[in-house]
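The structure appears right after this line, and notes come after that.
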Amino acid sequence: MHQIMSLPFGVALAALFAIVMIRVNVTYWLGRGAVAGFAHTRFGASLQQPSLQQSKAARAQAFIQRWGPYAVVLSFLTIGLQTAVNLAAGAARMPLRRYLPAAIGGSIIWALLYATIGLAALEAWLAVAATSPAGAGLSVLAVLAVIVWVVVARRRRSAAKSADTVV
């Protein structure tokens, strides 16, 4: 990480873009390969028979192919969801003409965010951790507390709305 932080901004941005493009495309192709491999199994053969499940799967695949590019781009603004979305795009066999522009756009957004805010925040946290491990631990706990507070507040608000709707 220190090597990227020590590079000029443009070079760091290009390196981060290349890293994330490689990662998301590998994930996409792993999803495609897994589905292709699964099709050659005994269970995959059962999916070839027409059924209600197949029509649901076809509708889901059509939905992903239409709206999936937006999900791909937006996944780059999340932590932890990005890999699942790119894997699902590959598993659903999203056409490359839709996937690649979304992956490029999302990778540009991710690289910009990471090269500016992300690396600065990481560098600041590492500086705090080096001088005060307890302070670093407290900062992590503070972030977790804010996340828990937001989740609980949203759930309470949602529960209150659904209770108002029922009455």
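The values are calculated or read from the model by the stated rules, or taken from the named source; none is laboratory data. In this text the structure is predicted, and so the values were computed from the model without any measurement. Here the Cβ positions follow ideal geometry from the backbone for every residue, glycine too, while neighbour counts run over all protein chains shown. Calculation scope for accessible area: heavy atoms of the full protein, side chains included, ligands and nucleic acids excluded. Shrake-Rupley method; radii C 1.70, N 1.55, O 1.52, S 1.80 Å.
What the table shows:
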{"quantity": "Label-point separation, Val151 to Gln61 (7 Å along Cα→Cβ), nm", "calculated": "3.5 nm"}
{"quantity": "Residue-span extension gain [Leu100 to Ala34] - 0.36 nm each, minus C-alpha spacing", "calculated": "21.8 nm"}
{"quantity": "Integer Hz, Karplus 6.51/-1.76/1.60 couplings in order for the range 128-141, x for Gly and Pro", "calculated": "5, 5, 5, 8, 8, x, 5, x, 5, x, 5, 5, 5, 4"}
{"quantity": "Cα→Cβ-extended label distance, 7 Å offset, between Ser158 and Ala130, nm", "calculated": "4.1 nm"}
{"quantity": "Whole-number accessible area per residue in Å² for the range 61-167, which is evaluated in the context of all protein chains at 1.4 Å", "calculated": "67 Å²"}
